[in-house]
Amino acid sequence: MSLKSRLRYRESAPLKHIPLEEYLNEWAGDARLNANIAGRLIRAIGKPTIIDTSKDPRLGRVFSNRTIREFDCFKDRLFGIEDSLDQIVRFFEFAAQFLEQEKRILYMKGPPGSGKSTIAKILMELAQKEPVWVLGVLDEKNVPHPSPLFESPLGLFDPLEHGKQFEAEFKIPKSRLGRHMSQWALAQLAKLDGDLDKFVAVEVWPSLATRTCVARHESTGMETVDFGRLIGIADEGGNIDKYDWSGALNRTTQGLLEYVEMFREHTDAFIPLLSATSDREYSGDGNIGVLPYEGMIIAHSNPAEFQEFSRLTSSLGLLDRVTVVQVPYCTRMTDEALIYKRYLDASDFKDIPCVPHVLDLAAAFAVGTRVDSYEKTPRDLRIRLYDGQPLRDLPENKWHLRADDLRREADLREGMNGIRTRFILDMLPTAITKDAAEPGLDPVSLFEALDDQITLVKPKISAESTEDGDDDQLPTPADILKSVVVPRLQRKVSDDVRRAYVENIRELSLAKLNLYIDYADPYGDGRDYKDPETGDVHGEKWLEEKLQAMEKGVRPDREGKKERDDFRKALVTTVMRFASKGGDRPPWEALDDHVWRAFEQHNVLPKRDDKDMLLIISFAKKETAELEKKHADFMTRLCARGYTARQARRTVEWYLKNLKDM
């Protein structure tokens, strides 16, 4: 089968139509016939997946154990803005029930690159998945011709004259009948001598390509007002058959209109929108009378444009018809990193060697520019909380903090300011190709590219203008790089290098954990500990000293006895619970990640400046074959952690060079 024969063009397919009487008889029982644009969108969006976040530790921390909804149409295309997406879907759910939302403009307010255009694109795609039934007439060959307005067949009938009859006979509510018949429909009635048998309901498939029931309308700016782009243009002689029905409102009478950069428009251009939304009708050009409108309008622009527009006294009428949904930047590090991964996966760089979790460094920088810093909840703590990371390594008085509470307490601009995602996307190719001999991503090359990009571009953090003039108090990108990214880079590199240095680290770590449990278990029960090798018996004081020595760096030193006892009891309970299910004690993956990694670093890994380690990991010529072998084994283990040989060398050299600053 040829490619051409497999392609299907809905726009060129014969139009399906049914008699007007059949349409009226089936209207009440067929959702395809009686749904408005919001109802069709909700069907296209589909049923959500209900997620009980209390069953997932990370999501539970992010959403405070709330139940959330996830929609397949947004999944893997938008990240970290679930609340905004849910508000948008609820808006259309209410509009589908013919509530006030049906008569309002959905305005998405957010900084550049936050996902507004992507949301609008998805909604426009969804609006093309369901057909629209429009009024049409049959010519002498019984070929249907749809209304150039794509108006509803119900527009032929006056609610005052036919309302009660239609409710009784067809179960069609009076409110669904047209208040005013379009002049095109009046002209067809006149041509057909009022013969309704020549009118039909025509199935039309929305198409952005032909601007059929979906259309995109771009602002022309503050200096120009062109009503024709919205309402169409009349013929000089007033001939209805020569009317130009290319206006955005004309093309979306029962569809979806996307108004791009809406608040860059001159306020006079919004006059037709006021009538179309509040009155569900608007005046045509010239002597063309009132035209019906049952569509919906979505709009988006940047916060600065919305603020400037809202200050105008002439804007009050339109603002009263607008429902604002904030679309902030993603403030979750893990989800921000997924945006970068999706970007790379769609490019020719999808198969490059990439060190695990390296994109988290770029994501930490981006999120760090978007969240505020407070005395009780500094920036780094907020980044961790918003990302759903556990706080067991912090003092207990921090454990109660919840991401939802911080969002409510934060400045309303949090997430509306910050570095654009596109800034990171522009930087990634530079980081990838920094090593011309081997394109790839590792912590050092990414950090250096990010530092260079900041120096070269000098991006501003603030995306939303402030009335109190406090933009100068915002941290610079260089400040965020130093306070947020550098410590994470140091931890990442130090952790990878030291873990690669220790041979059989997993076995050593588990042996150390087992020893800790052997001490903590009798301590918690008030029993003495008997050394299995020497037979010596030790009491509570000896156990306390041993446990505290092993816990150093795992828990804050200022915690009291009760906190120490609770920590030990919780850890022993976790281990014993796993052991009771059969098998040996659990691997470290079963425990709290932050607690375990801190425990391992203090009890198993060498110090960062351990002389024996530095001798082996350096690339200086080794004095013996044994040292050369140990170095080769170290590099092999480091490469097993996701590095190539070149990336591993670059990382180790950076570690040695910056050791004094760690």
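Can you grab the distance from the C-alpha centre of region 273-293 to the C-alpha centre of region 28-66, Å, no decimals?
That distance is 33 Å.
List the aspartates and glutamates whose Cα sits under 16 Å from the Cα of LYS47, skipping any in the same chain fewer than 8 residues away.
Partners found: GLU70, ASP72, GLU82, ASP86, GLU93, GLU130.
Between the DSSP loop rule and a limit of at most 12 other Cβ atoms within 10 Å, which GluC sites (Glu not before Pro) in region 199-233 are left? Walk me through the intermediate numbers first.
Details: sites: GLU203, GLU218, GLU223; in loops: GLU223.
Filter output for region 199-233: GLU223.
Taking 20 °C and 1.002 mPa s as the conditions, I'd like the Stokes-Einstein D for region 230-386 in µm²/s, using the Kirkwood hydrodynamic radius from alpha carbon pairs.
Numbers: Rh = 19.8 Å.
Estimated diffusion coefficient is 108 µm²/s.
Tell me the Rg and the Dmax, in Å, that the Cα atoms of region 405-446 produce.
16.3, 49
Place a +1 charge on the Cβ of each Lys and Arg in the chain and a -1 charge on the Cβ of each Asp and Glu, then give the dipole magnitude about the Cα centre in debye, rounded to the nearest 20. Numbers along the way, then the final one.
On the way: 98 positive and 112 negative charges, 355 e Å.
Dipole magnitude for the chain comes out near 1700 debye.
I'd like the chymotrypsin sites (Phe, Trp or Tyr not before Pro) in region 64-121 restricted to DSSP loop residues with at most 16 other Cβ atoms within 10 Å, sorted by number.
Numbers: sites: PHE71, PHE74, PHE79, PHE91, PHE92, PHE94, PHE98, TYR107; in loops: PHE71, PHE74, PHE79, PHE98.
Counting only loop positions with at most 16 other Cβ atoms within 10 Å, the chymotrypsin sites (Phe, Trp or Tyr not before Pro) in region 64-121 are PHE98.
Using the Kirkwood radius over C-alpha pairs as Rh, can you work out the diffusion coefficient of region 293-417 via Stokes-Einstein at 37 °C, viscosity 0.692 mPa s, in µm² per second?
Working: Rh = 17.6 Å.
The calculation lands on 186 µm²/s.
Do the alpha carbons of any pairs in LYS458/LYS657; LYS492/LYS552; LYS546/LYS629; LYS552/LYS660; LYS341/LYS434; LYS552/LYS611 sit beyond 24 Å of each other, and which pairs? Write down the numbers at each step before the final one.
On the way: LYS458/LYS657 27 Å; LYS492/LYS552 20 Å; LYS546/LYS629 35 Å; LYS552/LYS660 22 Å; LYS341/LYS434 18 Å; LYS552/LYS611 22 Å.
Beyond 24 Å between Cα atoms: LYS458/LYS657; LYS546/LYS629.
Could you work out the per residue convex hull volume over the alpha carbons of region 148-201, in cubic angstrom?
Details: hull volume 4.8 nm³, N = 54.
Hull volume normalised by residue count: 89 Å³.
Which percent of Cα pairs goes in each bin when the distances of region 118-166 are cut into 10 angstrom slices starting at zero?
Calculated P(r), rounded to whole percents: 21, 29, 32, 16, 2.
Please give the direction-averaged projected area of the C-alpha convex hull for the chain, in square nanometres with one decimal.
Quarter of the Cα hull surface area: 42.0 nm².
Region 142-205 to region 73-136: how many Å between their Cα centroids?
So the separation of the two Cα centres works out to 28 Å.
Ratio to report: Rg/Rh of region 478-522, with Cα atoms as the point set and Rh obtained by the Kirkwood method; give two decimals.
Working: Rg = 16.3 Å, Rh = 12.9 Å.
On the Cα set of region 478-522, Rg over Rh gives 1.26.
Could I get the Rg over Rh figure for region 271-339? Both from C-alpha atoms, Rh via Kirkwood, rounded to two places.
The Rg/Rh ratio comes out at 1.16.
If R₀ is 60 angstrom, what is the calculated FRET efficiency for the pair ILE51 and ALA437, using the beta carbon separation as r and rounding to 0.05? Intermediate results must be reported in sequence, preceding the final value.
Details: r = 45 Å, r/R0 = 0.75.
The computed FRET efficiency comes out at 0.85.
As a check on your grasp of the helix formula, calculate [θ] at 222 nm for the chain: sum -39500 (n - 2.57) over DSSP H runs of n ≥ 4, divide by the residue count, round to the nearest 500.
Values: 29 runs with 288 residues, N = 662.
Using -39500 (n - 2.57) per qualifying helix, the result is -12500 deg cm²/dmol.
Give the cross-link partners of LYS121 among the lysines, using a straight C-alpha distance below 17 Å as the criterion and excluding same-chain residues fewer than 8 apart.
LYS75, LYS109, LYS129
Measuring with a 1.4 Å probe in the full set of protein chains, what accessible area per residue, in whole Å², belongs to the chain?
Numbers: 32630 Å² over 662 residues.
For the chain, the per-residue accessible area is 49 Å².
List the aspartates and glutamates whose Cα lies under 14 Å from the Cα of LYS622, skipping any in the same chain that are fewer than 8 positions away.
Of all the aspartates and glutamates, those that pass the test against LYS622 - Cα under 14 Å, at least 8 places apart if same chain - are ASP612, ASP633.
Work the Kirkwood hydrodynamic radius out for region 229-289: mean of 1/r over every pair of different alpha-carbon atoms, inverted, in Å.
Details: mean 1/r = 0.0810 Å⁻¹.
For region 229-289, the Kirkwood estimate is 12.3 Å.
Taking Rh as the Kirkwood radius computed over C-alpha pairs, what is the Stokes-Einstein D of region 22-154 at 25 °C in a medium of viscosity 0.890 mPa s, expressed in µm² per second? Walk me through the numbers before you get to the answer.
Details: Rh = 17.4 Å.
The estimated diffusion coefficient comes to 141 µm²/s.
Strictly greater than 24 Å: what percent of every Cα pair in region 123-221 meets that?
On the way: 1633 of 4851 pairs.
That fraction is 34 percent.
Which percent of the Cα-Cα distances in region 195-301 go past 20 Å? Each step should come with its number before you reach the end.
Values: 2349 of 5671 pairs.
Every Cα pair in region 195-301 considered, those over 20 Å come to 41 percent.
Could you look at region 319-435 and say what percent of its accessible area is carbon and sulfur, using a 1.4 Å probe and all protein chains? Present the calculation step by step, with values, prior to reporting the outcome.
Working: 2590 of 5120 Å².
Answer for region 319-435 is 51 percent, counting heavy atoms of protein chains only.
If Lys and Arg each add +1 and Asp and Glu each add -1, what is the summed charge of the other residues whose beta carbon sits under 10 Å from the beta carbon of VAL484?
On the way: positive: ARG379, LYS482, ARG488; negative: ASP380, ASP479.
Every neighbour counted, the sum reads +1.
The values are calculated or read from the model by the stated rules, or taken from the named source; none is laboratory data. Keep in mind the model is a prediction, meaning the values are calculated, not measured. Every residue, glycine among them, receives a Cβ derived from its backbone with ideal geometry; neighbour counts consider all protein chains shown. The accessibility values were calculated without ligands, DNA or RNA, using every heavy atom of the protein model including side chains. Shrake-Rupley method; radii C 1.70, N 1.55, O 1.52, S 1.80 Å.
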